[in-house]
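What follows is a single structure, written as C-alpha cells, with notes after it.
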Amino acid sequence: MTDAARDAHRGRLIDVGPVDLWVDDVGPVAGDPVVLLAAADSPGFRWAPTFVDRLVAAGHRVIRYDHRDCGRSTSLGSEAGYLLADLATDLIGLLDRLEIASPHLIGHSMGGMVAQVVALEYADRAASLTLLSTSPGVDDDSLPGPDEGFVDKMMRHRYTGPPDDHTGRVAWLVELIEWMAGTAYPLDLDTEVVLADAQLRTGWSPDSGHGVAVFASPSRLERLGEIQQPTMVVHGTADPVLPIAHGRALALGIDGAVYKEIDRLGHEAPAAFLEELAPSLLHHLAHARRH
C-alpha cells in the first residue's frame, strides 16, 4: 500500500446518536483542532496523508471521518432522504463525543456545504471555515450547472452502473476522478488506483444518499451574509462539477472572505495542491483564533 492510502485502516467507530461514524483522530490532544470534511461518497482517508502530517506538525489535532453512507460509517442508502442539515447534526454529535467545542472546518465539495450549514446553524461550533471547490447551493437558479460534457459522461456512467468485479469497479471509480480533474496538477493514476482499491475494500456503496442530500437541501446563497467565521474560499477555474461562479458567489457573499482562484484546477484536491495551499491555510487558521 502506498502512502496515498496509508491511513485507510486507521480509526474507530463512534456512536453519535442516529448513526455511527468512522473517525481518525491524530495529533496533540490539546492542539488547535481541525476537522477535515470530505466530498460526497469520499472516505476521510482520501485527504492526503502529507497534508494531515503538515497540519499535525503545525500543532493541530486533526479529525477525519466518514460521513454517514460512506466508508465504514452507518449505511442508509438514497431512499433515506436525509439532508445536509442531518450531516451537520452528525458532525455536531461527533464534536460533542470528542469534547471539541469549536474546531476549524476544512471542507471539500459536499464537505464544504456541510461546513456552511454548521456555520449558519451552530455558529459557536466553528472557529473558521476553509471552503474548497464547493457551492452555496447547487440547485440555485442564479448559479450555473455542471459542464455539459461532464453531465453526459456521468449520465452514461450512472446508466451502465458499476461493474460486478473488483478490478472493474476500481477502474470505474478512477474514471470518475479523471473526468473531474483539471490540468493544473498531473493526475497520478497509480495513486488513484490505490485509493479506489482501498475505498472499495473499506465499505464503498453505489447507493449513497449524498446526492439527494446535496440537491434537496435549500440554497444558502441568500444567507451567506450571516456567516461570521473567518473564511477562506478556494476554487478552480476548470471545475466541471461546480463552475467557478459557485466559488465567486461564496467569496462575495461571506463578509471578509479570503478568495483564492486556482487556474486550471478541476474538482479535485490532490496532494500537490494541498501542499501549495498549506502556508496560506496555516496563516488563515492562526489568524482565525485571533479574530
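The values are calculated or read from the model by the stated rules, or taken from the named source; none is laboratory data. This is a predicted model, so every value here is computed, not measured. Using ideal geometry, Cβ is built from the backbone for each residue, glycine included, and neighbour counts are taken over all protein chains shown.
Annotations
- Residues that are within 29 Å of residue 176 (Cβ to Cβ) and either among the acidic types (Asp, Glu) or surrounded by 23 or more Cβ atoms within 10 Å (Cβ to Cβ) (or both) within the range 221-240 comprise 231, 232, 233, 234, 235, 236, 239, listed in sequence order.
- Where residue 207 falls short, out of the listed (1) loosely packed, with under 14 Cβ neighbours inside 10 Å; (2) modelled with pLDDT of 95 or more: (2)
- Pair list, Cβ < 8 Å and 6+ apart or interchain, from the range 167-187 residues that are in contact (Cβ under 8 Å) with a residue 60 or more places away in the chain to residues that are part of a helix (DSSP H, G or I) and of a type in the set (Phe, Trp, Tyr): 179/150; 180/150; 184/273; 185/273
- In the range 241-259, the residue that is surrounded by the most Cβ atoms within 10 Å (Cβ to Cβ) out of those that are in contact with a strand residue (DSSP E or B) (Cβ under 6 Å, 6 or more places away or on another chain) and in a loop (DSSP other than H, G, I, E, B) is 254.
- Verdict on residue 72 being surrounded by fewer than 21 Cβ atoms within 10 Å (Cβ to Cβ), charged (D, E, K, R), modelled with pLDDT of 95 or more and touching a Ser or Thr at 6+ places or on another chain (Cβ under 8 Å): yes
- Some residue of the range 212-227 being more than 30 Å from residue 158 (Cα to Cα), assigned to a strand (DSSP E or B) and more than 16 Å from the chain's Cα centre (by Cα): no
- Inside the range 228-282, residues that are of a type in the set (Phe, Trp, Tyr) and under 17 Å from the mean Cα position of the chain (by Cα) make up a count of 1.
- All strands (runs of 3 or more DSSP E) inside the range 40-154 with 3 or more residues being within 20 Å of residue 8 (Cα to Cα): 60-65, 104-108
- Test: residue in the range 191-205 that is out of contact with any strand residue (DSSP E or B) (no Cβ under 6 Å at 6 or more places or on another chain), under 18 Å from residue 241 (Cβ atoms) and not in a helix (DSSP H, G or I): no
- Residue 63 vs. criteria among the β-branched types (Val, Ile, Thr) and under 25 Å from residue 285 (Cα atoms): yes
- Boolean, residue 184 is modelled with pLDDT of 95 or more and in contact with an Asp or Glu (Cβ under 8 Å, 6 or more places away or on another chain): yes
Condition check ((1) among the small types (Gly, Ala, Ser); (2) within 16 Å of residue 108 (Cβ to Cβ)) across all residues:
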site: 206; (1), (2): no, no
site: 213; (1), (2): yes, yes
site: 223; (1), (2): no, no
site: 230; (1), (2): no, no
site: 233; (1), (2): no, yes
site: 236; (1), (2): yes, yes
site: 239; (1), (2): no, yes
site: 247; (1), (2): yes, yes
site: 266; (1), (2): yes, yes
